[in-house]
Structures are given as C-alpha cells and as structure tokens.
Amino acid sequence: RAALLYDRVRRRSGMNEEQIDTVLRPFIAAQVLPAVIAPPCRDPKDDQFLAAAVCGQADYIVSVDEDLLVIVSYRGIRILSPGAFLAVMASA
C-alpha cells in the first residue's frame, strides 16, 4: 500500500487513496508462518517478504526494491513494481 501511495505512482495510476484501498482489499495478507527461502534473496532482509508471500500463497509481491524486482518471479509469485501491478489489475 505504501508503495502505491508514492506521489509518482499515484500520478501515473490516476488513483486516489480510496481507490487504491479498494483495489488492494482482496489482497490484504493474513499473518503467516515463515517459510524457508532457497536460494535466498541477494539482500537477506528481503527474505521475509518472499517467505510471507509463499506462506500466504500470494499471487504478487508489489515492491520498488530492486533486490526483489530483479527476481521477477519466485515459486510462481510475480514480483512487480507498483506501476506494473496496477497495469496488471487494470487489464484483469
């Protein structure tokens, strides 16, 4: 949510905060147990996000972190920038 609220992302998407919350509502994550990440992300601090996504059976990770974005996909979970995620949602 924080990444989607960046001014540059909101300008590109044309969405206000309420619209962003509406889009995200189906994607709100529940608390999950950690998973083992292999191979680990090039930034070990990002492993927690991969683990949460795996345990939560997420379809997407939305991030502006280049260490995550270079992975592109992890165990079938697409890793997208906020703008790319909004484009995917708009075309769905």
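Identify, from the list Arg12, Arg25, Arg8, the residue that is in contact (Cβ under 8 Å) with a residue 40 or more places away in the chain, open to solvent by 60 Å² or more (accessible area, probe 1.4 Å) and assigned to a helix (DSSP H, G or I).
Answer to the selection: Arg12.
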- Among residues of segment 60-70, those that are touching a residue at least 24 places away in the same chain (Cβ under 8 Å) and either part of a strand (DSSP E or B) or open to solvent by 50 Å² or more (accessible area, probe 1.4 Å) (or both), counted: 4
- Message: Pairs please, first residue from segment 81-92 and closer than 18 Å to Ala2 by Cα and open to solvent by 50 Å² or more (accessible area, probe 1.4 Å), second anywhere and modelled with pLDDT of 95 or more and not in a helix (DSSP H, G or I), Cβ atoms under 9 Å, 6+ apart in sequence or on different chains.
- Response: Ala87/Leu80
- Message: Out of Gly76, Gly56, I need the residue that is surrounded by fewer than 18 Cβ atoms within 10 Å (Cβ to Cβ) and in contact (Cβ under 8 Å) with a residue 24 or more places away in the chain. Which one?
- Response: Gly56
- Counted residues in segment 28-50 being surrounded by 13 or more Cβ atoms within 10 Å (Cβ to Cβ), of a type in the set (A, V, I, L, M) and modelled with pLDDT under 90 come to 3
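The values are calculated or read from the model by the stated rules, or taken from the named source; none is laboratory data. What you are looking at is a predicted structure, and each value in this text was computed from that prediction instead of being measured. Please note: Cβ atoms are built from the backbone with ideal geometry, for glycine as well, and neighbour counts cover all protein chains shown. Please note that ligands, DNA and RNA were not included when accessible areas were found on the heavy atoms of the full protein model with its side chains. Shrake-Rupley method; radii C 1.70, N 1.55, O 1.52, S 1.80 Å.
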